[in-house]
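Have a look at the structure below, then the notes.
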Amino acid sequence: MSTDTQSTQERPAERSFLDRLRASPFLSELLSNRLAVVGLFIIVAMLLIAVYARLFLDLGAITSSRLGTSIPDRAPPGWAGPAPFNEQLFGTDAAARDIYKRTLYGAWLAMKFGTITVGLSTLAGISLGIIAAYYGDVTDNVIMRTMDVLLAFPSLLLALALVAIFGAGLWKAVIALILVYTPRFARVVRGAALKVLEDEYIDATVALGAADPRVLARHILPNTLAPITVQSTLNFGLAIIDLAALSFLGFGAQAGTPSWGLMLSRGVENGLLTGKWWMSFFPGLFLAITVLGFNLLGDGMRDALDPRMRDAID
């Protein structure tokens, strides 16, 4: 009897988010949202560009200055180039480097470090949020008050303060942003977990002798994946923007790195004020399109996973 009761009690928890992904309603709702499909197309395109840049572009040639060669510096976009199929479609920068190739490689850096930032902050936020909700009392107060302190600061300002402590560099900027984003995920997961803990099958599972790790992993975690997935998708675009902002301010990518933020900074410094608009336009365009794609997909996933939100908007 206890075995049948336990399996019966486990079904609602196992049927939440994962089953909705397998079932057609979620996919049909998501694919019926045209803006979400556009966002998904943009993200897939950027991923393909990132993979192409990582596999086929020479990072050394992209990062090193080419002054003193036959390639002109700050050349405008066009088809005229030193060799076939190497025409500097987006022009060249102040160091005579091909902005086209640097912009493509910037997609790889944005996806790579954005994934690391969001992935690690999501894992940390899920762990802290579930633990705070499940154990409550002192544990909840200590964790959530710490999160509140971090949330009290503007995200970019807190990231700047942390990078000033850690030092400049892309990896140090990633660590700073992980600390900045973790409280957001922890608060979202805690709220979702508290709702799950109100269900009777959680009490029944605990009464049957299930260990805490089993309750957390098999029953609470699956029911918090829906909001955390939307939050992760939306924060992916924000992470790319913040990494670019830190690089723009000189706290992220260092000189020569084909980061969109650093390219924007150098373009404004060396080109925009003198009419060399292409030096900052193309990196900024790729950055804006990528962030737009994640925002559109995140909104579509939110509507598909929570129809009440869509009905409220309609």
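When you look at Asn223, is it crowded, with 21+ Cβ neighbours inside 10 Å and modelled with pLDDT under 80, yes or no? The answer is yes for Asn223. Restricting attention to the range 199-214, the residues that are in a helix (DSSP H, G or I) and surrounded by fewer than 19 Cβ atoms within 10 Å (Cβ to Cβ) total 9. A count restricted to the range 59-107 and to residues that are at pLDDT below 75 and of a type in the set (Phe, Trp, Tyr) stands at 2.
Does the range 44-58 contain at least one residue that is on the phi > 0 side of the Ramachandran plot and at pLDDT below 95? Before you say what the answer is, go through the steps one by one.
Taking the range 44-58 as the starting set, the residues that turn out to be on the phi > 0 side of the Ramachandran plot are none.
No; the residues of the range 44-58 include none that is on the phi > 0 side of the Ramachandran plot and at pLDDT below 95.
The values are calculated or read from the model by the stated rules, or taken from the named source; none is laboratory data. These numbers were taken from a predicted model, which means no experiment stands behind them. FYI the Cβ positions are ideal-geometry reconstructions off the backbone, even for glycines, and counts take in every protein chain you see.
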